[in-house]
Structure formats: C-alpha cells, structure tokens
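Okay, structure first, notes after.
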Amino acid sequence: MTSSFEDLVLVAGGTGGVGQLVVGKLLERGFRVRVLTRNAAKATKMFDNRVEVAVGDIRSSNTLPAAMLNVTHIICCTGTTAFPSSRWEFDSEPNLIEWVQLFFDPKYSISRAKNSPIKTDAEGVSNLVAAAPENLRRFVFVSSCGILRKYEFPWKLLNAYGVLDAKQKGEEAIIGSGLAYTIIRPGRLIDGPYTSYDLNTLLKAKTGGKFGVVLGKGDTLQGDASRIDVAAACVESILYPSSEGQVFEIVNQGTRPPVIDWDNLFSQLTSD
Ligand SMILES: NC(=O)c1ccc[n+]([C@@H]2O[C@H](COP(=O)([O-])OP(=O)(O)OC[C@H]3O[C@@H](n4cnc5c(N)ncnc54)[C@H](OP(=O)(O)O)[C@@H]3O)[C@@H](O)[C@H]2O)c1
C-alpha cells in the first residue's frame, strides 16, 4: 500500500512521543505532512524542514481552519497528563501547598487548569473534528484503553481527574461527526521518545522490539503498547480501508513475527 502525491496528512500533537513517530513513518511512506503545533520553532527544528508547520491550539477553534487547507487525513495524537502537572498550564504557578491541594482535590485542579484532559482530549478534539474538511478521507484518533472499564481498578485510578471521560467525549465527537474515522486505544505507552510524565518514561521502559502486536475490541486487553507500534497503527490505518469505522485497542504481546501484517490485523477486527 502506498500514498498518492495528493495526500496531505495533518498531524495534531506531532511534536509528542507518538506524534514524532507518526510523522517519521508518514514521511517514510511518502506522504506530505503538516504538523499542527503550538510552537512552530520546535516543530521546524524537530523535523528539519521536511514538514509543513501550522500553528494552532486545539482549544482555540479560530486557530484551526488555516491548518486544514487541502488536508486529506488527520491523525490526532494530542494529549496532556492524566494527573495534574505543569502540562495542565495552571492559571498561576502553584506553590508547594497548592500542589498538595491540586493532587488531593480533582475539582480544584480541573478548575484551575487551562490544558487539563477535559480541555484537550474532549473540547480540543471536538474543535478539531468541527474544523475538519467535509471530504476528509480519515480521522485517526489516539485514545486510550480503559474507556469501557473506567469504574474498575486500575482504570478508576487513572480516571481520577477525568482523562478517560475526556477521551470518551473525544471519541463520541468523532463517531458522531459523520467523518470516516479510526479510533486507536493503546495500553500503557512504552518505548521512546519519552515525552510524557509517567512511570514508563521515568524508567525509559523498552519492549526491545520483541513482542507481537495484538488488536482487540470491547476494551478487554491489558498491557503495554509500544509508541512505535501505536504510530505504525495510525499510519497503516489510513492505508487500509478495513480499518475505517473501527475502534480498537492495541497492546504488545507474544512473539513478534518478522513482519507485522496490518492488513490481516485490521481484517480480523472486521470479521469479529
Ligand atoms: N502515557 C500513556 O501511557 C498513554 C496510554 C494510553 C493513551 N495515551 C495517549 O497517547 C497519546 C500520545 O501520547 P504521548 O506520550 O505521545 O503524548 P505526549 O508526548 O505527551 O504528546 C502530546 C502532544 O499533544 C500536544 N498538545 C498538548 N496540548 C495541546 C493543545 N492544547 N493544542 C495542540 N497540541 C497540544 C503536545 O504539543 P506541545 O509540544 O505543544 O506540548 C504534544 O505534541 C496521548 O493522546 C495520550 O493521552 C497515553
């Protein structure tokens, strides 16, 4: 499967861990790429002028239309942290006592944050969907495992500040939009680039490229998901019609075959 020279993929969150790998894979596959970023200088330097750069913030609808010109596909890998952190962009720099309160009082932290999950994963993704061209060929969204299990441990803990609620709202906006879509729900992210603030990042955890790729439906899978394979799933899904309209989980398990057969993995979802 190959790209056509008319294809132009907008990658929202292209400077993030999964996003950087998505951009790399798209370029490798011959796609034209436009990165939607809040920081043009960062993206230009990161991709060595090999991509178009559009400045935009998914929280601000008015920054999005200019980024959409001639876009044929959107891959959205934006996100913030599940728990309060500086990425939540508090209205003012919290002092030590305020940080304690932010951690123990979700309502308080959400009310003070400008880039909490509800702002990015729910409202931001909805804004991106609303700005997407009507003739878009595919909207690919990186969501999360646990959405259908958010009242069970450990997902309940992960959802303490509403990240799974927000991802679910993002998913609903996409499904309700009438656009062609693929929704990918990774397990706990592993492998670099280590850009997020979580345990696997602290440990610089790696799969060593040893494990196979397992896709599932109905949110029953458990385990880690390599950012490398999540990014590959995003790119491969725009190449295979069998992934259209699919919502699936992805984790790494079992022995890795010499080549990942994405066509077969997506087709199995359809036949389930
Ligand atoms: N960590 C996990 O275990 C886990 C598990 C399942 C799913 N996920 C999801 O997987 C996805 C990718 O994770 P990751 O670790 O690659 O993420 P990441 O490195 O934290 O990257 C997040 C990206 O989102 C962008 N962004 C944040 N707020 C934005 C806004 N308001 N407007 C525009 N862009 C914004 C960031 O851009 P800037 O450079 O401007 O900050 C960055 O490019 C995320 O959606 C995450 O929720 C994570």
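The values are calculated or read from the model by the stated rules, or taken from the named source; none is laboratory data. It should be emphasised that the depicted structure is a prediction, and the values quoted were computed from it without experimental measurement. Here the Cβ is made from the backbone with ideal geometry for all residues, glycine too, and neighbour counts use every protein chain on show. Heavy atoms of the whole protein, side chains included, go into the accessibility calculation; ligands, DNA and RNA do not. Shrake-Rupley method; radii C 1.70, N 1.55, O 1.52, S 1.80 Å.
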Out of the residues in segment 216-235 that are within 13 Å of the ligand (Cβ to nearest atom) and among the aliphatic types (A, V, I, L, M), state the one that is surrounded by the most Cβ atoms within 10 Å (Cβ to Cβ).
Ala225
How do the pairs read when you match residues in segment 110-121 that are free of Cβ contacts under 8 Å to residues at least 40 places away in the same chain with residues anywhere that are among the hydrophobic types (A, V, I, L, M, F, W, C), using Cβ under 7 Å and keeping only pairs 6 or more apart or on different chains?
Arg112/Phe90; Ala113/Trp88; Ala113/Phe90
Output the number of the condition that Lys210 fails; it satisfies all remaining conditions of (1) more than 10 Å from the ligand (Cβ to nearest atom); (2) in contact (Cβ under 8 Å) with a residue 60 or more places away in the chain.
(2)
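Having 3 or more residues that are not aliphatic (A, V, I, L, M) is the bar; report the strands (runs of 3 or more DSSP E) wholly within segment 114-229 that clear it. I'd like the intermediate steps shown before the answer.
Details: elements: 138-142, 181-186, 188-190, 211-216, 224-226.
By residue number, 138-142, 181-186, 211-216.
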Consider only pairs whose beta carbons are under 8 Å apart and that are at least six residues apart or on different chains; among these, list those whose first residue lies in segment 50-65 and is within 16 Å of Gly124 (Cα to Cα) and whose second residue is open to solvent by 60 Å² or more (accessible area, probe 1.4 Å) and assigned to a strand (DSSP E or B).
Thr63/Val55
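In contact with a Gly (Cβ under 7 Å, 6 or more places away or on another chain), small (Gly, Ala, Ser) and near the ligand (Cβ under 8 Å from one of its atoms): is that true of Gly19 in this structure? Show your work before the answer.
On the way: in contact with a Gly (Cβ under 7 Å, 6 or more places away or on another chain): yes; small (Gly, Ala, Ser): yes; near the ligand (Cβ under 8 Å from one of its atoms): yes.
Here the answer is yes, as Gly19 does meet what is asked.
Condition check ((1) at pLDDT below 95; (2) touching a helix residue (DSSP H, G or I) at 6+ places or on another chain (Cβ under 8 Å); (3) crowded, with 17+ Cβ neighbours inside 10 Å; (4) closer than 25 Å to Val9 by Cβ) across all residues:
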position	(1), (2), (3), (4)
Lys150	no, yes, yes, no
Ile175	no, no, no, yes
Asn200	yes, no, yes, no
Val214	no, no, yes, no
Ser237	no, yes, yes, yes
Gln246	no, yes, yes, yes
Test: Arg59 is within 16 Å of the ligand (Cβ to nearest atom), at pLDDT 95 or above and over 30 Å from Tyr161 (Cβ atoms):
no
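For Ala54, are the conditions met, namely being closer than 28 Å to Ile118 by Cβ, at pLDDT 95 or above and of a type in the set (A, V, I, L, M, F, W, C)? Break it down into steps so the answer makes sense when it comes.
Working: closer than 28 Å to Ile118 by Cβ: yes; at pLDDT 95 or above: yes; of a type in the set (A, V, I, L, M, F, W, C): yes.
Spelling it out, Ala54 is indeed closer than 28 Å to Ile118 by Cβ, at pLDDT 95 or above and of a type in the set (A, V, I, L, M, F, W, C).
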